Amino acid sequence: MLNKIFKKVSSLPKRKASVLYDNILVFLLGDGDREKAVIKFRTLRVESDSEEAFHEAFKKEVNYEFFNELFALLDFSTISVLIRSIKSIKEQAPELKKLVTNQKGLDKLLDDKNGLRSVLVKTIFSKKKGALNEEQLMTLIFKEFSISKEKIAKEEFGVDKKTFNNWLEKTGLFEESFYLPLSKRGKQGVFLNEYVLIFETLFLAREEGKLDFNNNIDTYINRLNHKMSYLKDDIADICNSDTKTQKGVLRKVAYYNFIDKFPYSLTREFVEKMGSELNY
């Protein structure tokens, strides 16, 4: 995701790139107020006795070292990789906090009351003029980032596309109105919001609902350290049983008979139907 953003930014026309960088500076130095940003910029210049001193003062004002390290730790290549990178950030939080040189500025930036996110998304991805409401903003973001079914199947769950399609279309986990457009879209792939929903549905237990990085990151890491897809033999091993007994218990689950591998969410349900527990 970050790579796509950087690629988009680097390919912007000079005028639009200039507008983007100008807007970023306005938010970094003036909380979205252009006049305040100009005053802050001039103040930094006046108070610095050399070009090098000015650069250092500017970097401190915008928390350069903090964001540089934070972006180095973040990895958006897949959701499971993102989960691991968030865990790493949480573990390194004390060291990251030491890199913050303007706490007030950081708080305002992260709070985003003045709409930096909207300005960035609109400038980089939208050709429309005028303000974007929250729904338009999120739709624009979702449709700009897509991923192939093959990549999700292989890199997230370690299965082939056929098995992945069976999960989407044959298990009842997803409505037809959700998976049919995916099958017709072809190379355009799975949009970001759809990808998140698929991952949540396959990776989480039903009662867990949605991903919660703040409260459940350790649970997710523990789960990622186990398998992301399970054979029938795996389920038998978890239940200290055998596939014959398992088949007898699960015979009423129609798709059990023609799917060989299952995601965590279905595996957990099967294990519970067998009278056992999946404790991660």
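Could you please give the count of residues in the stretch 44-63 that are part of a helix (DSSP H, G or I) and either in contact (Cβ under 8 Å) with a residue 12 or more places away in the chain or farther than 30 Å from E95 by Cβ (or both)?
Initially, the stretch 44-63 is screened for residues part of a helix (DSSP H, G or I), giving 44-47, 51-61.
Going one step further and asking which of them are either in contact (Cβ under 8 Å) with a residue 12 or more places away in the chain or farther than 30 Å from E95 by Cβ (or both), we end up with 44-46, 57-61.
Number satisfying all stated conditions: 8.
R84 - would you say it is basic (K, R) and modelled with pLDDT under 95? Give the steps one after another, and end with the answer.
Working: basic (K, R): yes; modelled with pLDDT under 95: no.
So R84 fails the test.
Of these, L20, L12, which one is among the aliphatic types (A, V, I, L, M), touching a residue at least 40 places away in the same chain (Cβ under 8 Å) and assigned to a loop (DSSP other than H, G, I, E, B)? It would help to see each step written out before you state the result.
Numbers: L20 fails: assigned to a loop (DSSP other than H, G, I, E, B).
Checking each option against the conditions leaves just L12.
Kindly provide the set of residues from the stretch 215-254 that are farther than 30 Å from S88 by Cβ and touching a Phe, Trp or Tyr at 6+ places or on another chain (Cβ under 9 Å), ordered by number. Walk me through how you get there before you give the answer.
Going residue by residue through the stretch 215-254, those that are farther than 30 Å from S88 by Cβ are 231-233, 235-237, 239-254.
Passing the criteria: L231, K232, I235, C239, Q246, K247, V249, L250, V253.
For the stretch 78-111, name all the residues that are hydrophobic (A, V, I, L, M, F, W, C), surrounded by 11 or more Cβ atoms within 10 Å (Cβ to Cβ) and without any contact (Cβ under 8 Å) to a residue 60 or more places away in the chain.
Filtering the stretch 78-111 down to residues hydrophobic (A, V, I, L, M, F, W, C) leaves 79, 81-83, 86, 89, 93, 96, 99-100, 106, 109-110.
Then keep just the ones that are surrounded by 11 or more Cβ atoms within 10 Å (Cβ to Cβ); that gives 79, 81-83, 86, 89, 96, 99-100, 106, 109.
The answer is V81, L82, I89, L96, L99, V100, L106.
Among the basic types (K, R), under 22 Å from V81 (Cα atoms) and modelled with pLDDT of 75 or more - does that describe any residue in the stretch 103-126?
Filtering the stretch 103-126 for residues among the basic types (K, R) gives 104, 108, 113, 117, 122.
From what is left, the residues that are under 22 Å from V81 (Cα atoms) are none.
The answer is no; no qualifying residue exists.
Look through Y220, Y280, Y230 and report the one residue that is in contact with a Leu (Cβ under 9 Å, 6 or more places away or on another chain) and under 22 Å from S85 (Cα atoms).
Y220
I'm trying to understand the selection: among the residues of the stretch 183-217, which are within 16 Å of K151 (Cα to Cα) and either in contact with a strand residue (DSSP E or B) (Cβ under 6 Å, 6 or more places away or on another chain) or exposed (fewer than 15 other Cβ atoms within 10 Å of the Cβ) (or both)?
S183, R185, G186, K187, Q188, G189, V190, F191, N193, Y195, L202
Would you tally the residues in the stretch 225-250 being surrounded by 14 or more Cβ atoms within 10 Å (Cβ to Cβ), under 21 Å from the mean Cα position of the chain (by Cα) and part of a loop (DSSP other than H, G, I, E, B)?
Count: 2.
Any residue at all in the stretch 23-38 that is modelled with pLDDT of 90 or more, in contact with a Ser or Thr (Cβ under 7 Å, 6 or more places away or on another chain) and surrounded by 15 or more Cβ atoms within 10 Å (Cβ to Cβ)?
For the stretch 23-38, residues modelled with pLDDT of 90 or more, in contact with a Ser or Thr (Cβ under 7 Å, 6 or more places away or on another chain) and surrounded by 15 or more Cβ atoms within 10 Å (Cβ to Cβ): absent.
If you check N279, N222, N216, which single one turns out to be assigned to a helix (DSSP H, G or I), free of Cβ contacts under 8 Å to residues at least 12 places away in the same chain and not hydrophobic (A, V, I, L, M, F, W, C)? It would help to see each step written out before you state the result.
Values: N279 fails: assigned to a helix (DSSP H, G or I); N222 fails: free of Cβ contacts under 8 Å to residues at least 12 places away in the same chain.
After applying the criteria, what remains is N216.
F157: out of contact with any Leu (no Cβ under 8 Å at 6 or more places or on another chain) and either of a type in the set (D, E) or within 30 Å of E144 (Cα to Cα) (or both), yes or no?
No, not satisfied.
The values are calculated or read from the model by the stated rules, or taken from the named source; none is laboratory data. Note that the structure is predicted; figures quoted are calculated from it, not measured. Every residue, glycine as well, gets a Cβ built from its backbone with ideal geometry; the counts of neighbours run over all protein chains shown.
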